[in-house]
Amino acid sequence: MDGPDLNWAIILEEDSKYFTQALPYFSELISENLDELHGIGVKSEEITFWYMYEYEQQCNMEFSPEIMKRLGDLGITLCVSCWEA
């Protein structure tokens with residue numbers, strides 16, 4: 001299958017052992033499989049990591065320069081979506 005119908009997702013919930021390291025985990029997963037993804041027609045610029053967060057009162061996030069560089073080097077978009085509970 002190819003084209004816009006080729007959508008999939010991996011979701012890490014807060015109780016996952018990978019939750020606190022989700023961005024490094026996902027970036028490593030993509031890095032290890034980038035050739036295969038390109039082989040089936042998935043372009044790096046089509047990959048987006050979504051960080052979705054429900055909060056109360058205040059929402060703060062911090063991302064290390066290393067992970068931001070890694071995502072940039074891979075050509076991956078980071079989308080952060082926050083909403084108040």
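We did not get these values from a lab; they are worked out from the coordinates using the rules stated. Keep in mind the model is a prediction, meaning the values are calculated, not measured. With ideal geometry, Cβ positions are generated from the backbone for all residues, glycine too; neighbour counts draw on all protein chains shown.
Would the range 61-68 turn up any residue that is aliphatic (A, V, I, L, M), surrounded by 10 or more Cβ atoms within 10 Å (Cβ to Cβ) and part of a helix (DSSP H, G or I)?
Taking the range 61-68 as the starting set, the residues that turn out to be aliphatic (A, V, I, L, M) are 61, 67-68.
Okay, now just the ones that are also surrounded by 10 or more Cβ atoms within 10 Å (Cβ to Cβ), so 67-68.
Now drop any that are not part of a helix (DSSP H, G or I), which leaves 67-68.
Yes: the range 61-68 contains one or more residues that are aliphatic (A, V, I, L, M), surrounded by 10 or more Cβ atoms within 10 Å (Cβ to Cβ) and part of a helix (DSSP H, G or I).
Among the residues of the range 25-43, which ones are surrounded by 15 or more Cβ atoms within 10 Å (Cβ to Cβ) and under 11 Å from L71 (Cα atoms)?
F26, S27, I30
Scanning the range 69-82 for residues that are assigned to a strand (DSSP E or B) and loosely packed, with under 12 Cβ neighbours inside 10 Å, which turns out farthest from the chain's Cα centre (by Cα)?
S81
Can you find, within the range 46-60, the residue that is farthest from the chain's Cα centre (by Cα) among those that are loosely packed, with under 11 Cβ neighbours inside 10 Å and charged (D, E, K, R)?
By that ranking, first place goes to E56.
Search the range 40-53 for residues that are over 9 Å from I76 (Cβ atoms) and pair each with any residue that is loosely packed, with under 10 Cβ neighbours inside 10 Å and of a type in the set (A, V, I, L, M) when their beta-carbon atoms are under 8 Å apart and the residues are at least 6 apart or on different chains.
Note: pairs meeting the criteria are Y51/M61; Y53/M61.
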